[in-house]
Every structure is written in C-alpha cells, then in structure tokens.
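The values are calculated or read from the model by the stated rules, or taken from the named source; none is laboratory data. From a predicted model like this one, the values you see are computed outputs, not experimental measurements. Every residue, glycine among them, receives a Cβ derived from its backbone with ideal geometry; neighbour counts consider all protein chains shown. For accessibility, only protein heavy atoms count, side chains too; no ligands or nucleic acids. Shrake-Rupley method; radii C 1.70, N 1.55, O 1.52, S 1.80 Å.
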Amino acid sequence: MSDDIIIIEHLVKQFKNLRAVDDVSLRVGRGKVLVIIGPSGSGKSTVLRCINHLETPTSGLIMVDGIHVDAKASHINAVRAEVGMVFQQFNLFPHLTVLDNVCIAQRVVRGRPAEECRRVALTQLERVGIPEKASAYPSQLSGGQQQRVAIARALAMNPKIMLFDEPTSALDPEMIKEVLDVMQDLARSGMTMVCVTHEMGFARNAADEIVFMDKGKIVEQGDPETFYTNPREERTRAFLSQILH
C-alpha cells in the first residue's frame, strides 16, 4: 500500500549467538506515530537502527518511502536523507554553538548556502522552544535543552520520518517533559514517527499504534486504548503491571 512509508518484513538481526530481532514485520503509515516498547534487550532499538541501516539486517526486507534499504550505498544515503534520528545521547559538537550545530549538516549534506542554513536553524530552534540559546554552547545547556537542539538539528534536514531511540532515557526526570512536549507537537503536526521509549504517558497520548517486543519478537500490537485497557497476551499484562503504577 502506498500509504505505508515504512515496510518491514521478516526482519532478522543476529549478533553472533544472540538473535536480537527475530522475524519482525511492521508497517508504518505516512503521518502516523508508532511507539515500540518492551524490556531492555528486547530488540526494539535494533529494529529502529535497521531502518536507516545503522545496523545491517541479517535477513528480511525493509522499504522506506519506496526505497529498498539494502547494502547499496546509494540506497542507504537516499534513505538517510529522508530520515532524521534522535538518540539517547545528544551527539552535539561541543566546540560549536547551538546555531552552528543545527547548521552544519544542512551545509555539508544538503549543500545549502550559509544564510539559508541560518534561517532554517533559527526556525527549528523556535519550533523546539529555545531560540534564545542559538549562540550558546552545548556545555551551557541542560540535558533537556541539548536534546531539543538535537531534535532541531534533525528537523532542519526536512526529514519525512523521525526516529527516536529512547530520547529521554539520559535525562533527569524534570527535563523529560520538555522533550516529550516537543515530540507531542511533532506528532500533532503530522510527522511520521517511530519512537522507542519507556514513557508510557507519551505512548498512550501520541501513538497511533503501540508495539510490544520481548526477546526479539513482537508479542502484541494495537491501538493505545486497547493495548492499555485490554491487552490480549499474558506477557503484555505482566509488563504493563510492572511499569504502570
């Protein structure tokens, strides 16, 4: 279906003796938000990293907006040009200002002139709520602010899809909400998003579909209301009972 911007079929990722992802098939509709949850080591981040070929699948098919994500460099680069990714760590250049951190990939990858880079960067910093930090350095920012810069940097590349790999897990509790608020706004704006997170409130409020993984497999998936109020699988119920207080 043309409405599915991400198609994953029978994805397997093997690390020596560990099958981190075991026959996972998923579809993400254009403009939809998919949230993947599960215990540590369940394979959820590995699925995310396979989408833009940060991990090379052992077998299976991944299509991103009609492009087959395989080992061809041209395909990988074409996909990465359309996919923004936000990690647990912020990966900002410490010697560059916030503005320059948001400009650099635009200039190097997109080939934009300096003035356009600056205009786009300021627009995205406004979008994530920290335009006044443009001239600051990463060391002068809180963790939450640094993560918002990382989101602005990804958005400045005009991605069709945003991937979030536990973007709040390195943050102090009081800084988590400011990052989740930005992600909620993105979801409302119609951005296609795949999020690996432990934030159950965000999953419930923002997701169109929730996927629960354990031991490399999809245990259950469905809309948030059904998932939280009437999960089918005993393993899902046990997981939810531990994390929902």
(Q) Show me the strands (runs of 3 or more DSSP E) entirely contained within segment 155-245 in which 1 or more residues are open to solvent by 30 Å² or more (accessible area, probe 1.4 Å) and at pLDDT 95 or above. (A) 209-214, 217-222
Q | Any chance Val149 is within 30 Å of Ser40 (Cα to Cα) and crowded, with 20+ Cβ neighbours inside 10 Å | A | yes
Q. If you check Val12 against the conditions, is it of a type in the set (Val, Ile, Thr), under 19 Å from Met191 (Cα atoms), open to solvent by less than 20 Å² (accessible area, probe 1.4 Å) and in contact (Cβ under 8 Å) with a residue 24 or more places away in the chain?
A. no
Q) Condition test on Glu166, is it acidic (Asp, Glu), touching a residue at least 12 places away in the same chain (Cβ under 8 Å) and at positive phi? A) yes
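A quick yes/no check of all residues on (1) touching a helix residue (DSSP H, G or I) at 6+ places or on another chain (Cβ under 6 Å); (2) more than 24 Å from Gly201 (Cα to Cα); (3) polar (S, T, N, Q):
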| site | (1), (2), (3) |
| --- | --- |
| Ile104 | no, yes, no |
| Val108 | no, yes, no |
| Pro113 | no, yes, no |
| Ala134 | yes, yes, no |
| Ala150 | no, no, no |
| Lys160 | yes, yes, no |
| Glu166 | no, no, no |
Q: Please find, within segment 8-67, the residue that is nearest to Glu225 (Cα to Cα) out of those that are in contact with a Ser or Thr (Cβ under 8 Å, 6 or more places away or on another chain) and among the basic types (Lys, Arg).
A: Lys32
Q.
Suppose the filter is touching a residue at least 40 places away in the same chain (Cβ under 8 Å) and closer than 26 Å to Asp65 by Cβ; does Ile243 pass it?
A. no
Q | Enumeration of residues in segment 101-131 that are more than 13 Å from Ala150 (Cβ to Cβ), free of Cβ contacts under 8 Å to residues at least 40 places away in the same chain and of a type in the set (Val, Ile, Thr) | A | Val108, Val120, Thr123
Q: Taking the options Ala207, Ala203, name whichever one is touching a residue at least 60 places away in the same chain (Cβ under 8 Å), in contact with a Ser or Thr (Cβ under 7 Å, 6 or more places away or on another chain) and closer than 27 Å to Ile5 by Cβ.
A: Ala203
